[in-house]
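For reference, the structure discussed in these notes is given below.
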Amino acid sequence: MTHTTEGNRVRNTVVFGLAAGAAAFHLFAAGVSPFTALVQRPVHLALMGVLGFLGIGIRARSSLRADGTTRQVGATLVMRWVRGTATAGLIVSTLFACGYLVIEHQELVRRAGSATRIDLIAGALAVLVTLELARRAVGWGLVGVAALAIVYALIGPQLPGLLAHRGYSIGRLIEHLYLGTEGLWGVPLGVSADFVYLFVLFGTVLEAAGGGTLLIGLSAKVAGDTRGGSAKTAAVASAFMGSLSGSAVANVVTTGTLTIPVMRRTGFRPHFAGAIEAAASTGGQLMPPIMGAGAFILATWTNIPYVRVALAAVIPALLYYGALFMAIHFQASKMDLPPVGTEAENKVFARLHLLLPVGIIVTLLVLGRSPMRAAFWGVLTALGLALASPATRLHFAQLRRTVLGAAAGAIQVAAACAAAGVVVGVASLTGIGLRMSEFIVTLSGGHLPVALGLTAAGSIVLGMGLPTTAAYVVLAALGAPALTELGVPLLAAHLFIFYFGCLSNVTPPVSLAAYAAAGIAGAPPLRTAFTALGLASAGFLVPFMFIYGPALLLDGPVLSVIVAAATAGLGVTALAAALIGYTRRTLMWFERGLLAAAAIGLLHPGIVTDIFGVAIVAGSLLREKREPASPLTPNS
């Protein structure tokens, strides 16, 4: 027992030291002296990899349990020894593969194209530890996609039709993936190393200082006194927290533990409360300014300025949350729930100073500063303010949890980005991206609606098994070129893919965010998932809207933007009414159908469809005014 306790103490000390070192390294690179890509990215992966293999930020695994017999206890000890040995081997391999590149990167650049045996050994180890880290951190889905990509690179000549290519040896593939910035060390891992870790650290500092309570309290001030205020509070708070965290599931289990019980106490049924939190948390990744680091990845990938990406995403995100708000309002009205406040309001003013770091980050980004520098000052400001006030002061134990929490959140993103880099590297080596684009264009017959449907379906399917970041990167390499070839603007094409990758979090049968919310709410998982799918339904229509109506991405004259936003806002309101079946009274089935048709008409750009939609909505409202005493009106 003493030996085990001492071993755990040593492990915990090592883990904390590495996590603190990771924070110091990234802050130094962002604010003092940046490193080259082939130093910053391998060091980042080494730190995240070692911490991951030590058990930080990986999926929980059921352990063996002894029932008291000597044989089972012995088996447990053997398994622990095997796992410990494997872990030690993975850590050594990670340090060697990443450290070799850092030490030798200048020499490797000088002799590019003539890899030595030691280069290939280090490269093979880098690929293997990356796939194992991804397996432990995010599951088999991404590993399967990466392994399929590797096999594709090796067997190209045996493949038929558009899939065929010249084929590459294992050595050539490893050289491409390891010795340059088109594979493991490419854009995806670069974004993780440069931006994502710092923003995850920023979020954990704010959360430790009470930022979650602050956001929920502020949301309560905005919406708590309206009908369904507890659910609207959850939506606003999750939008802000999700934009910072970048993980729908993480957002659910943090804000949801506070908001779901309050929603239940104020009258919402468990499955509906869980669905609201799942839909709101999923939408956080679509909400500027940070979009869970999605805006930075998209901007880096497309070479479109960050500010342009964030501004373009504003109206679609507001439409998504507008639909969610109206659905909440109609449901609360249908259930005749009274306006109530929330429990977090009294703690708002003591933590208002925590909003300053968010303002600093946004201001610096708008002024054109790099995301690295903005995050650097945001972290330092948040940490300074958290330590300055007695109400938010962090003690050593909280600081320790903060750096460990940042590492845990960043490891999953780093593992996903590194493994996605394998897929991107294979795509650049074999040209599969162009072939996939040709395949989509051929299969759709050159018809944009069909191509959009195929791309949306592919994004959802990939997103079900992959983190949003990885799903976006893979589809950006394989699917976006097809849309641009059919005339879709670059920004719209990439936002389209990003949206559907995010919405996989509430798309059954996987629906990870909905299942997490169901667990907190004590509700049936599938019922919660399908309810969340309905509440997030506007998100499935909004991407098609901005493809056909670029004014929603602020692309066009001001008047066109205003008209498009207004009609789309009316459209998502009609969609919410059709979904809930209520406006100021319960709607009959054909009325819900008409409102759904009106929603589609208003969401589709065009004068004729707008007039059609406005006429139906106006007719519905006028009919209600003539029949205030309708027997369908619920009892008050």
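The values are calculated or read from the model by the stated rules, or taken from the named source; none is laboratory data. Small disclaimer: the values here were computed from a predicted structure and weren't measured. FYI the Cβ positions are ideal-geometry reconstructions off the backbone, even for glycines, and counts take in every protein chain you see. The area values use the complete protein model at the heavy-atom level, side chains included, leaving out ligands, DNA and RNA. Shrake-Rupley method; radii C 1.70, N 1.55, O 1.52, S 1.80 Å.
A simple rule links phi to the HN-Hα coupling: the Karplus curve 6.51 cos²θ - 1.76 cosθ + 1.60 with θ = phi - 60°, which for segment 135-152 gives 4, 6, 7, 10, x, 6, x, 5, 4, x, 5, 5, 5, 4, 5, 5, 4, 4 Hz, with x for Gly and Pro.
With the cut-off at 1.5 for a/c, could you classify segment 506-627 from its C-alpha gyration tensor as rounded, prolate or oblate? The shape class here is oblate. Quick one: angle between helix 525-535 and the longest Cα principal axis of the chain, in degrees between 0 and 90, rounded to 10, please. The angle comes out near 60 degrees.
Summed over the residues of the chain and divided among them, the accessible surface reaches 41 Å² per residue at a probe radius of 1.4 Å.
Relative to the dominant Cα principal axis of the chain, helix 37-53 is inclined by about 80°.
Evaluated with a Cβ-only charge set (Lys, Arg +1; Asp, Glu -1), the chain carries a dipole of roughly 1180 debye about its Cα centre, given to the nearest 20.
What a 1.4 Å probe finds exposed on segment 549-606 is 78% carbon and sulfur by accessible area, rounded to a whole percent. In this structure, the amide hydrogen of Tyr582, modeled 1.01 Å from its nitrogen in the peptide plane, lies closer than 5 angstrom to those of Leu587, counting only residues at least 5 positions away or on a different chain.
Charge tally for Leu443 (other residues, Cβ to Cβ under 15 Å; Lys, Arg +1; Asp, Glu -1): -1. Accessible surface comparison of Lys334, Lys221, probe 1.4 Å, protein chains only, largest first: the order is Lys221, Lys334.
Mean residue ellipticity at 222 nm, helices only, the chain: -24500 deg cm²/dmol; runs of at least 4 DSSP H residues each add -39,500 (n - 2.57), and the sum is divided by the number of residues. Classify segment 399-502 from the C-alpha gyration tensor, please: rounded if a/c falls under 1.5, else prolate or oblate depending on whether a/b exceeds b/c. Here segment 399-502 falls in the prolate category. For the chain, the mean projected area of the C-alpha convex hull, equal to one quarter of the hull surface, is 32.2 nm². Taking a ≥ b ≥ c as the square roots of the Cα gyration tensor eigenvalues, with a/c under 1.5 meaning rounded and otherwise prolate when a/b beats b/c, else oblate, which class fits segment 121-176? Oblate. Relative to the longest principal axis of the Cα atoms of the chain, helix 70-110 runs at roughly 80 degrees.
Of the solvent-accessible surface of segment 369-421, computed with a 1.4 Å probe and all protein chains present, 65% belongs to carbon and sulfur. Computed in the context of the full set of protein chains, the accessible area of segment 470-540 at 1.4 Å probe radius has 71% of its extent on carbon or sulfur.
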